[in-house]
Amino acid sequence: MAIRKIRVIGDPVLGKQCKPVVKMTENLKVLIEDMFDTMYEAKGVGLAAPQVGILRQICVVDVMDEDPIVLINPEVIESDGEQTDDEGCLSVPGKVAQVTRPNHVVVKSLDMDMNPVTYEGEGLKARAMLHEMDHLQGVLYGERANEPYRDLEEEDWEEEE
């Protein structure tokens, strides 16, 4: 479909609460396809609608463990455990910070047909879902970080030869 412009830190849209989706439209279906294309192009594992300037409760996540997921009006219904790791964000390019999040989550959501679905995630999948859901509340990961943003180490970007 199309690659959309990713909004970056400092853009006021990233600090706003998103509205629930009440009806699936063709425009929203195109948005979701574009969000996947944009996320893959940027080499991310998740993307939320406000990151492309749309204030709706929609996220896409693909941590390459199974099928990609779409979260519409998501809500955490269960969480446990704890994990602390570096987190980055397509809206905060070149930066990372340590964030502690639950290691396991169960998320209630709607699918693209507006049917209720439940997703369960551990480790990276749990982290990615929670990170993207934070965007829907206008929260960037730096607000949950255990430390200030720091520059992503150059060697993290180098490819194996």
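Selection within segment 1-54: residues that are of a type in the set (S, T, N, Q) and closer than 12 Å to residue 135 by Cβ. The member of this set that is surrounded by the most Cβ atoms within 10 Å (Cβ to Cβ) is 51.
Matching residues to (1) of a type in the set (Lys, Arg); (2) in a strand (DSSP E or B); (3) on the phi > 0 side of the Ramachandran plot:
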residue	(1), (2), (3)
77	no, yes, no
85	no, yes, no
95	yes, yes, no
100	no, yes, no
105	no, yes, no
112	no, no, no
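When restricted to residues that are basic (Lys, Arg) and more than 28 Å from residue 21 (Cα to Cα), segment 77-118 contains 1. Scanning segment 63-97 for residues that are in contact with a Ser or Thr (Cβ under 7 Å, 6 or more places away or on another chain) and surrounded by fewer than 15 Cβ atoms within 10 Å (Cβ to Cβ), we see that the one that is nearest to residue 39 (Cα to Cα) is 84. Applying a threshold of 6 Å to beta carbon distances and a minimum spacing of six or more residues, or different chains, the list of pairs starting in segment 146-161 at a residue that is at pLDDT 55 or above and ending at one that is assigned to a helix (DSSP H, G or I) and not basic (Lys, Arg) reads 149/142.
The values are calculated or read from the model by the stated rules, or taken from the named source; none is laboratory data. Worth saying up front: this structure is predicted, and the values here are computed from it rather than measured. No Cβ is skipped: glycine too gets one built from the backbone with ideal geometry, and neighbour counts run over all protein chains shown.
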